[in-house]
1. For residues that are more than 11 Å from Val170 (Cα to Cα) and exposed (fewer than 15 other Cβ atoms within 10 Å of the Cβ), scanning just the stretch 111-132, find the one that is modelled with the lowest pLDDT.
2. Given the condition modelled with pLDDT of 95 or more, of a type outside the set (Ser, Thr, Tyr) and in contact with a His (Cβ under 9 Å, 6 or more places away or on another chain), answer yes or no: does some residue in the stretch 139-157 qualify?
3. Quick check on this structure: which one of Ala101, Ala72, Ala89 is aliphatic (A, V, I, L, M) and surrounded by 17 or more Cβ atoms within 10 Å (Cβ to Cβ)?
4. If Ser115 satisfies every condition in (1) touching a Cys at 6+ places or on another chain (Cβ under 7 Å); (2) touching a residue at least 40 places away in the same chain (Cβ under 8 Å) but one, which is the exception?
5. Would you please name the residue that is nearest to Asn147 (Cα to Cα), looking only at residues in the stretch 73-105 that are without any contact (Cβ under 8 Å) to a residue 12 or more places away in the chain and part of a helix (DSSP H, G or I)?
6. Anything in the stretch 143-160 that is surrounded by 16 or more Cβ atoms within 10 Å (Cβ to Cβ) and assigned to a helix (DSSP H, G or I)? List them, or say none.
Amino acid sequence: MAHENFEGAVAQDFGDTRVIHLGGTLRAKAAVRSADAGGVDEMSVAAADAAMKDLSGDFQNWMGDEVNRLIAAYEVFRDSDPNHRDVSALFRCAHDIRGQAAVFGYPIASEIAGSLSKLLDKIEPDYLPLQLINHHVDAVKAIYRNNIRDYANPVAMQIIHNLRRAIDRVIEVRQKAMMAELKFR
């Protein structure tokens, strides 16, 4: 459930966890940061807003290129010999999206890619569940294709929540299996 509050921030409750996504405009953020300095330089804020709008087309192209790279890396990983899978290209693509998508207006894609990065980092390639990786890639594609940029989207938030829970379970099961393997050695 999402709740709107201070300056466009959205709070969502997932059981005993509350996630707060800060919103607001560049001007509002500048006002908060410059209150002690005597106010906002309106011309600088306007120039920054204009520059961001000019670059927005490049952001859209960048995101499309990154999504295509992620898809291609996943397909190579998926189609590789299961005993010789290299996770590095897929991890790099997910990590790049995680690090940059929020800056370019796709914070939900950033979170999903971060979730995928965690999975790829914590589980050995031989034990990675392809279906869970595929769900992450499909989710990033859907976020981009449907231009979902807002944390107020309940379906997107449920997807993030479910993917995180699935990853936590996979990591927990793998850690238990590793502990059991050590006991029998």
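1. Of everything passing the filter in the stretch 111-132, Asp126 is modelled with the lowest pLDDT.
2. Taking every residue of the stretch 139-157 in turn, none turns out to be modelled with pLDDT of 95 or more, of a type outside the set (Ser, Thr, Tyr) and in contact with a His (Cβ under 9 Å, 6 or more places away or on another chain).
3. Testing whether each residue is aliphatic (A, V, I, L, M) and surrounded by 17 or more Cβ atoms within 10 Å (Cβ to Cβ) leaves just Ala101.
4. If we test Ser115 against (1) touching a Cys at 6+ places or on another chain (Cβ under 7 Å); (2) touching a residue at least 40 places away in the same chain (Cβ under 8 Å), just (1) comes out false.
5. Gly99
6. If the condition is that a residue be surrounded by 16 or more Cβ atoms within 10 Å (Cβ to Cβ) and assigned to a helix (DSSP H, G or I), then Ile143, Tyr144, Ala156, Met157, Ile159, Ile160 are the ones that fit.
The values are calculated or read from the model by the stated rules, or taken from the named source; none is laboratory data. All values derive from a computational prediction rather than experimental measurement. We place every Cβ from the backbone using ideal geometry, glycine too, and count neighbours over all the protein chains shown.
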